[in-house]
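Have a look at the structure below before the remarks.
The values are calculated or read from the model by the stated rules, or taken from the named source; none is laboratory data. Since the model is a prediction, treat every value here as computed from it, not as a measurement. Using ideal geometry, Cβ is built from the backbone for each residue, glycine included, and neighbour counts are taken over all protein chains shown.
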Amino acid sequence: MRKLEGILAYNDKFVRRKEYIPYQTGKYPGDKILVVTCMDTRLLELLPKAMNLQNGDAKVVKTAGALISSPYGSVMRSILVGVSLLAVEEVFVIGHHDCGMIGLESGMVLDRIKQMGVMQEDLDSVYDQGVDVEKWLCGCSKVEEGVMHSVNMIRNHPLFPSNIPVHGLVIDPNTGKLDEVIRGYE
Ligand SMILES: [Zn+2]
């Protein structure tokens, strides 16, 4: 069975057995917080458990490295919708140790996708659109630096209300330990 069929078969049982009941909640975050974090597999359950977050407690926006690459991209838009319409009162940017985005250079991604069949002319067409591919596909040199970059991107955004605290933290993907990088109340 391929992945999609397997997931749909499981889902059919999940719904029929009403296993969703313990997870039913509302669309407004109970803890009034929004978390921007990485897509890392180790954080899928660990991060909410380590923060004592249950279903319904928080808005969570995931992007590689918790790095917000553009002030007018979909991550920043999600944050603005969260604070304006979805009752978010504090924002947490949480990077993690051993992140794949630490030290990532565009060449590592581009070499691999070319091996996967993407042609140079496809890449050239992206450059032709004026996209700075090197910058866009680049990670950060240190996790704390990436967290500070995202916190500053949010704090300095012209449409972000200045009374909303934006915190920066780093989580250990093995133990769940959180370390503070920036305390947003100050
Ligand atoms: Zn990561």
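Name the single residue that is surrounded by the fewest Cβ atoms within 10 Å (Cβ to Cβ) among those in the range 1-37 being in contact with a helix residue (DSSP H, G or I) (Cβ under 8 Å, 6 or more places away or on another chain) and in a strand (DSSP E or B).
That would be Thr37.
What's the total number of residues in the range 157-174 that are part of a loop (DSSP other than H, G, I, E, B) and in contact (Cβ under 8 Å) with a residue 60 or more places away in the chain?
Final tally of qualifying residues: 9.
Among residues belonging to the range 123-147 that are β-branched (Val, Ile, Thr) and within 18 Å of His96 (Cβ to Cβ), point out the one that is farthest from the chain's Cα centre (by Cα).
Val143
Let me spell it out: the conditions are (1) within 16 Å of the ligand (Cβ to nearest atom); (2) without any contact (Cβ under 8 Å) to a residue 12 or more places away in the chain; (3) among the basic types (Lys, Arg), and Arg42 meets all of them except one. Which number is the exception?
With (1) within 16 Å of the ligand (Cβ to nearest atom); (2) without any contact (Cβ under 8 Å) to a residue 12 or more places away in the chain; (3) among the basic types (Lys, Arg) applied to Arg42, the lone miss is (2).
Could you tell me which numbered condition Asn55 fails, if it satisfies all but one of (1) out of contact with any Phe, Trp or Tyr (no Cβ under 7 Å at 6 or more places or on another chain); (2) surrounded by fewer than 21 Cβ atoms within 10 Å (Cβ to Cβ)?
For Asn55, the failing item is (1).
For the range 125-140, give me each residue that is surrounded by fewer than 10 Cβ atoms within 10 Å (Cβ to Cβ) and either of a type in the set (Ser, Thr, Tyr) or assigned to a helix (DSSP H, G or I) (or both).
Matches in the range 125-140: Asp128, Lys135.
Test of understanding: among Gly95, Gly82, which residue is surrounded by 17 or more Cβ atoms within 10 Å (Cβ to Cβ) and either among the charged types (D, E, K, R) or not in a helix (DSSP H, G or I) (or both)?
Among Gly95, Gly82, only Gly95 is surrounded by 17 or more Cβ atoms within 10 Å (Cβ to Cβ) and either among the charged types (D, E, K, R) or not in a helix (DSSP H, G or I) (or both).
Given Ser74, Ser69, which one is of a type in the set (S, T, N, Q), surrounded by 13 or more Cβ atoms within 10 Å (Cβ to Cβ) and away from the ligand (no atom under 12 Å from the Cβ)?
Ser69
Filter the range 65-111 for residues that are over 16 Å from Val147 (Cβ atoms) and among the aliphatic types (A, V, I, L, M) and give the result.
Leu80, Val81, Val83, Leu85, Leu86, Ala87, Val88, Met108, Val109, Leu110
Among the numbered conditions (1) modelled with pLDDT of 95 or more; (2) aliphatic (A, V, I, L, M); (3) farther than 20 Å from Ile68 by Cβ; (4) surrounded by 12 or more Cβ atoms within 10 Å (Cβ to Cβ), tell me where Val143 comes up short.
Going through (1) modelled with pLDDT of 95 or more; (2) aliphatic (A, V, I, L, M); (3) farther than 20 Å from Ile68 by Cβ; (4) surrounded by 12 or more Cβ atoms within 10 Å (Cβ to Cβ) one by one, Val143 breaks only (3).
Working only within the range 75-133, note down all residues that are in contact with a His (Cβ under 9 Å, 6 or more places away or on another chain) and over 22 Å from Arg42 (Cα atoms).
If the condition is that a residue be in contact with a His (Cβ under 9 Å, 6 or more places away or on another chain) and over 22 Å from Arg42 (Cα atoms), then Met76, Ile79, Leu80, Glu90 are the ones that fit.
Of Val126, Val75, Val83, which residue is of a type in the set (Val, Ile, Thr) and under 26 Å from Pro173 (Cα atoms)?
Going through Val126, Val75, Val83 in turn, the sole match is Val75.
Tell me the residue from Ile164, Ile102 that is at negative phi, surrounded by 17 or more Cβ atoms within 10 Å (Cβ to Cβ) and more than 18 Å from the chain's Cα centre (by Cα), please.
Checking each option against the conditions leaves just Ile164.
Does any residue of the range 7-20 turn out to be under 15 Å from the mean Cα position of the chain (by Cα) and away from the ligand (no atom under 16 Å from the Cβ)?
No: zero hits.
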